[in-house]
There are 6 protein chains.
Amino acid sequence: MKMGLTHLDSGGQANMVDVGEKAETQRIAVAEGCIVMRDETLNMILEGNAQKGDVLAAARIAGIMAAKKTHELIPLCHPLLLNKVSVDISADRDLPGFRITAAARVTGKTGVEMEALTAVSVACLTIYDMAKAIDRGMTITGVQLVEKSGGKSGHYRRDE
Amino acid sequence: MKMGLTHLDSGGQANMVDVGEKAETQRIAVAEGCIVMRDETLNMILEGNAQKGDVLAAARIAGIMAAKKTHELIPLCHPLLLNKVSVDISADRDLPGFRITAAARVTGKTGVEMEALTAVSVACLTIYDMAKAIDRGMTITGVQLVEKSGGKSGHYRRDE
Amino acid sequence: MKMGLTHLDSGGQANMVDVGEKAETQRIAVAEGCIVMRDETLNMILEGNAQKGDVLAAARIAGIMAAKKTHELIPLCHPLLLNKVSVDISADRDLPGFRITAAARVTGKTGVEMEALTAVSVACLTIYDMAKAIDRGMTITGVQLVEKSGGKSGHYRRDE
Amino acid sequence: MKMGLTHLDSGGQANMVDVGEKAETQRIAVAEGCIVMRDETLNMILEGNAQKGDVLAAARIAGIMAAKKTHELIPLCHPLLLNKVSVDISADRDLPGFRITAAARVTGKTGVEMEALTAVSVACLTIYDMAKAIDRGMTITGVQLVEKSGGKSGHYRRDE
Amino acid sequence: MKMGLTHLDSGGQANMVDVGEKAETQRIAVAEGCIVMRDETLNMILEGNAQKGDVLAAARIAGIMAAKKTHELIPLCHPLLLNKVSVDISADRDLPGFRITAAARVTGKTGVEMEALTAVSVACLTIYDMAKAIDRGMTITGVQLVEKSGGKSGHYRRDE
Amino acid sequence: MKMGLTHLDSGGQANMVDVGEKAETQRIAVAEGCIVMRDETLNMILEGNAQKGDVLAAARIAGIMAAKKTHELIPLCHPLLLNKVSVDISADRDLPGFRITAAARVTGKTGVEMEALTAVSVACLTIYDMAKAIDRGMTITGVQLVEKSGGKSGHYRRDE
């Protein structure tokens, strides 16, 4: 079998993959990413967080809501009925910055890696937005798939 | 003047910044980012592109459309009337992968860096989506603000 | 079993409930609410309605369309495939104002009370919008769940 | 001048009001509403809140994001460039429940009362969603305009 | 001056036109279209309409709401602050079917012909949806710009 | 059995049809439409296309994305999990202009003709948008259902 870009048809045109014949299975995807910032920025967010938690809560909620919008953002993604999306954010003094992990689950015909990656990206963008007045130089980096299970292609785990 | 997180009010709660008193000025923001992939993946996309261009066209259009949705994705972003969004994608054999640059322009009371960063992120995610069947290990990296002008905070250019 | 807020995980963070293990059942929810206004306002809407019905038709359609958007509005709601949404609006001279009832149905893993409540709320807001030029003092009140069936928690009917 | 339903044209059909001739002024609207619940429910949310604040943070963010979607939800509302939306939520032991206040500001041709009312409604619905597993009998009540300024119709303040 | 496709840049890539330098003027566009159906279908809708008007009310509201979504549907359209959208639908026994006319108005930097055309298209699609159970052969036809004013390109009126 | 407008209930009010009792089957719908333009306009698009393909790529992607939004545009359409949407565009010198065909597939309880028709309409509108600076007189015409299979009503094929 020849491997190829599944979203291009024989004429080279972008099209949705037909998932009509795929089986409904339990599918999980986990993605991660970081936002790197100055030490002072990290401290200021963590102090705000100590009081009310709203910066990280906003980023977590934005990530979850964005996962539900994935098929509106990515042209050839299928709409699907997510069973769950979760977003975890932890401070990392060594970056310095935050590490974001998102997990998406579905019982469906198509994988959820785009939903997990979208949640990570938008959570990072939300942190950027809320801290940009004090640090315009933040960088979003290392947005990638960590693990994926369910579906014909089998279990995938990123090698560290 | 005390610098702080502009999106947290005195009680530490997330809130939109009031831009009612800000002046309407010409504002521009440029952001960049990369998606790194295997050599074979890059080749396969470029070959598809040689024929019909749909992979990169889809990513470019998705990035532009996402910029227009920024205020729906980022909880505390203001809606605004974008004058223009452009997304440029160029292959880089050294990554290997693609470099994405997005520029957003507005005549308004608030900056457009989130729009440019969102366009870059979603263009990268779209390339990931279209090539993920052949390369699940791609990474989105270096998503950051390159330049910003207009508004009270003056001109910003990232130091290389 | 300890009852608790299902949308907070053990760390107190907001997250979607995982519905992956829940059974697909027929689920129905009915919600109600009122908008209270001055007698003259009610009369003016009813006269308009006698002619063309557009005020109440607009409110009914807005409620149905909003029910389909519930998962975009409520951060931790699951997307679902609604089988039906209906919105009924009846004038009540004693309020004076309108009583709105909405019913939502789904064959799915999660209840539809939020869809019914969202339909009622947006139908009320639409009536407010269309009559606000003559009566800014209208109040939306008594928005609540009337009945719910399907799912593990069994049948619920509000006590009058 | 004959007062009437501004959203119905002479044929009784629903239509947007033409705001092309209206002046751009600073406009503010404040709306309020309550969600009434059992004492135990209130306690459980407040305890969760003592830890991480996510229930009320989610409701506040959902309210702000919904205000930005008002013109998508209410058929005849105009799109507008909100300068600011804020949502405040305070516990009230006497209800028992929460009191929600939302303020919206714009420099524009049309008022923002629908944006403030929509923010209140969706913040209430979000609290309902997050606590519904322990209390299906909660009621959203007293959703109304508190104050409005800017525009031709002058200043409005609700009489208590 | 060389005329060309304004949405393609010098490299042939799709991009938004920069409207930053354009003047804010009063702009109006009027579009029209028809949906042609069997005589019986027209009669059945008109009878329903005689009672409650909901088919045509739904189509009119759907058209207005779609006009507000134009920039989300058409990739390179600019978001704009519509002053007014109106949709008129009249039965035409000679088609037989309905004639739809939509007008859009804005004070802005870019024309509103796409908003008027989108309103007509979605109003037609809504009529199709509501009558498709009795007539699958309906055709949407003659969707075109009737008139346009404001902006640098001057007044346009379609020749009959 | 009396045939009637399925979206009107016994009181003549618009409502969603309840699809809860319908069987999940494989459903396909194919729709078509044209956009007619001047010869020069067609040539200019085709030349642009020869280089980079972005005009038709944009129209194809816009059509696919719009199909996924159908239930947000058409008030009484059900949300559904599309298996695939494809949009094909071919130049026709005899029109002169483009012929657009869209196919939608679902495994579900309700047909996908509205999704196919919406894809065709928005693809046509996108071509109009990108060429309107050189030809305001283009007309969208012949938007209709070509074929439909799956569901209780059986196979439908339009007679030529």
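A short reminder: the numbers here are calculations on the coordinates, not readings from a lab. Small disclaimer: the values here were computed from a predicted structure and weren't measured. No Cβ is skipped: glycine too gets one built from the backbone with ideal geometry, and neighbour counts run over all protein chains shown.
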Point to revise | Nearest-ten-degree value, helix B:113-131 long axis tilted from longest Cα axis of chain B | key: 20 degrees
Check your understanding: Could you work out the helix-only [θ] at 222 nm for chain E, with each DSSP H run of four or more residues adding -39,500 (n - 2.57) and the total divided by the number of residues, to the nearest 500 deg cm²/dmol?
Key -> -10000 deg cm²/dmol
**Study point:** Quotient of Cα Rg and 2.2 N^0.38 Å for chain D, N being how many residues it contains
**Key:** 1.16
Check your understanding: Once you average over the residues of B:108-121, how many Cβ atoms of partner chains fall within 10 Å of each Cβ?
Key -> 3
**Study point:** Cβ charges +1 (Lys, Arg) and -1 (Asp, Glu), total dipole of chain B, debye
**Key:** 360 debye
Check your understanding: What average count of beta carbons from other chains do you get within 10 Å of the Cβ of residues in A:137-147?
Key -> 6
**Study point:** Sorted by Cβ density within 10 Å, fewest first, the residues C:40, A:72, E:115
**Key:** C:40, A:72, E:115
Practice item. State, to one decimal in nm, how far the label point of residue C:147 lies from the label point of residue F:9, with both points 7 Å from Cα in the Cβ direction. Key: 1.2 nm
Practice item. Given the options A:15, A:83, A:43, state which has the largest fluctuation in a GNM of chain A using a 10 Å cut-off (strictly under) for Cα springs. Key: A:15
Check your understanding: For chain F, modelled as a GNM with alpha-carbon contacts under 10 angstrom, which of F:97, F:108, F:137 fluctuates the most?
Key -> F:137
Point to revise | Efficiency of FRET between residue F:135 and residue D:159 - r from beta-carbon atoms, R0 56 angstrom, step 0.05 | key: 0.45
Review point. What average number of partner chain Cβ atoms lie no more than 10 Å from the Cβ of the residues making up D:91-103?
Key: 0
Check your understanding: What are the distances, in nm and sorted shortest first, from the label point of residue A:135 to the label points of the same position in each other copy, with each label point placed 7 Å from Cα along the Cα-to-Cβ direction?
Key -> 3.1, 3.9, 5.4, 5.4, 6.4
Practice item. State, to one decimal in nm and shortest first, how far the label point of residue E:40 sits from each corresponding label point in the other identical copies (label point: 7 angstrom along Cα-to-Cβ). Key: 4.9, 5.1, 6.0, 6.0, 7.8
Review point. Sorting D:126, A:70, E:6 on the 10 Å Cβ count, fewest up front, what's the list?
Key: E:6, A:70, D:126
**Study point:** Ascending list, in nanometres, of distances separating the residue F:92 label from those of the other copies (7 Å, Cα toward Cβ)
**Key:** 2.0, 4.6, 5.6, 5.6, 6.4
Practice item. In Å³ and rounded to a whole number, note down the convex hull volume per residue for the Cα atoms of region E:52-139. Key: 103 Å³
Review point. Hey, if you put +1 on the Cβ of every Lys and Arg and -1 on every Asp and Glu Cβ in chain E, which of E:74, E:6, E:117 ends up farthest toward the positive end of that dipole?
Key: E:6
**Study point:** Coordinate range along principal axes, alpha carbons of the protein assembly as shown, Å, largest first
**Key:** 75, 71, 55
Practice item. Any of C:84/E:68; C:69/E:109; E:84/E:109; A:68/C:148; A:152/F:68; A:22/F:152 with alpha carbons more than 21 Å apart? Name them for me. Key: C:84/E:68; C:69/E:109; A:68/C:148; A:152/F:68; A:22/F:152
Review point. If one takes the longest principal axis of the Cα atoms in chain C, at what angle in degrees, from 0 to 90 and to the nearest 10, does the Cα axis of helix C:39-51 lie?
Key: 90 degrees
**Study point:** Neighbour-count ranking [beta-carbon atoms within 10 angstrom, fewest first] of C:55, C:30, F:122, E:17
**Key:** E:17, C:30, C:55, F:122
Exercise for review: Using only Cα atoms, find the angle between the long axis of helix E:54-68 and the longest principal axis of chain E, and express it within 0 to 90 degrees, rounded to the nearest 10.
Suggested key: 10 degrees
Check your understanding: Build a GNM of chain D with springs between Cα atoms under 10 Å: which of D:63, D:142, D:33 gets the top mean-square fluctuation?
Key -> D:142
